[in-house]
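Accompanying notes for the structure given below.
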Amino acid sequence: MNKQMWFVYIVAFMGVAGMTAGMPIMPAYVKAMGGQISEVGLVLGLVALVSVLSAPLVGYYGDRLGRRPVLIASMLGFGAWYALFFLARSMSLVYIGAFIGGIFAAGALSVATAYATDLAGPEKTGGAIARLQAAQMVGALLPPLAAGYLAEVNINLPFGALAVIALVTAVFMVFFLRESLPAKELAQGRLSRMSPVEAASQSFRKVFGYLKTPIGPLLIIAFAIAFPTGFFQATLPMLTGKTNIGTGETGLIFSVGTLAVVLVNVFLVERLIKKIGLWGN
């Protein structure tokens with residue numbers, strides 16, 4: 001496996017870790033910052049909303065400027081996100097950090113996927129994408145557990161640990177990460193006359209256009225599944241906060257839940273697809 005790919009896996013891990021590490025401790029964290037419990041949803045929602053809006057723009061610059069500078073900028077952005085959460089003593093810095101995190105969270109994952117595809121080539125793309133998804137799963141599995149117990153020492157500490165990892169990784173990326181786009185493609189991207197706004201609007205038109213295709217119902221089903229999941233993830237820490245369950249045990253609940261999802265996908269869903277197909281016929 002190409003050593004460059006390890007940087008991509010760390011980007012995938014850190015992008016997911018920022019959200020998952022915060023979920024089990026967010027009610028206690030917001031309270032410590034002097035915020036209201038209703039602001040938990042606002043913080044998590046701000047990251048998600050900005051991610052959706054900025055992802056096409058980050059992808060646009062990944063094609064125009066190259067994968068390397070965008071991935072390095074994304075890791076620095078993650079570091080700023082986590083550092084602001086670590087240094088925050090009021091909700092103002094929390095919202096600024098959430099906004100910065102949202103800019104890079106989804107877009108960095110798309111550029112990381114493009115980087116992995118560039119290096120792997122057509123024959124090995126499937127394996128590269130699978131490993132990238134595995135890195136995201138690790139980002140969903142371990143950070144909630146670690147954050148829950150670190151928060152019992154200091155509520156800001158989990159974000160400080162993530163900030164150190166992100167900033168140190170960014171330094172290594174500056175020296176060791178090479179560009180994956182061939183020089184010819186990179187030059188063509190830089191000559192493109194399409195503006196960032198045009199690229200973003202075209203991307204959103206494509207997404208809404210998919211609703212009119214045969215995969216439209218699948219997108220609606222995916223939304224229907226994700227919507228209550230978001231409610232659960234936001235309200236579970238509030239529920240445990242009203243009991244004697246601490247942030248460490250709440251993080252454990254999140255990690256066990258993620259582990260269950262991984263096991264079901266690996267040992268049940270994958271086997272069912274191989275046996276009966278995607279459509280059950």
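The values are calculated or read from the model by the stated rules, or taken from the named source; none is laboratory data. Bear in mind the structure is a predicted one, so any value in this text is a computation, not a measurement. Reconstructed Cβ throughout: ideal geometry from the backbone, glycine too, with neighbour counts over all protein chains shown. Areas reflect the complete protein model, heavy atoms only, side chains present, ligands, DNA and RNA absent. Shrake-Rupley method; radii C 1.70, N 1.55, O 1.52, S 1.80 Å.
Tabulated data for the structure shown
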read-out	value
Surface share of carbon and sulfur [accessible, 1.4 angstrom probe, percent] for the chain	72
Solvent-accessible area per residue, Å², over the chain with all protein chains present [probe radius 1.4 Å]	55
By average C-beta atoms within 10 angstrom, highest first, the peptides 101-107, 115-121, 127-133, 253-259	101-107, 115-121, 253-259, 127-133
Rg to Rh, two decimals, where the range 124-281 supplies the alpha carbon set and Rh follows Kirkwood	1.04
P(r) histogram, all alpha-carbon pairs of the chain included - 5 Å bins from 0, percent	1, 6, 11, 15, 18, 17, 14, 10, 6, 3, 1, 0, 0
Förster-model FRET efficiency, 30 Å R0, THR235 and GLU152, C-beta, rounded to 0.05	0.90
Under the span-like rule (Cα at least 24 Å along the axis, Kyte-Doolittle mean at least -0.5), DSSP H helices of the chain	5-22, 39-64, 67-87, 91-120, 125-153, 157-176, 216-241, 247-264
Pairs from LYS212/LYS275; LYS3/LYS184; LYS3/LYS275; LYS206/LYS275 whose Cα-Cα separation, in the structure shown, is over 27 Å	LYS212/LYS275; LYS3/LYS275; LYS206/LYS275
With DNA, RNA and ligands ignored, accessible area of PHE223 (1.4 Å probe; Å², nearest 10)	130
Computed lengthening from LYS124 to VAL256, 0.36 nm per intervening residue step minus Cα-Cα distance	44.4 nm
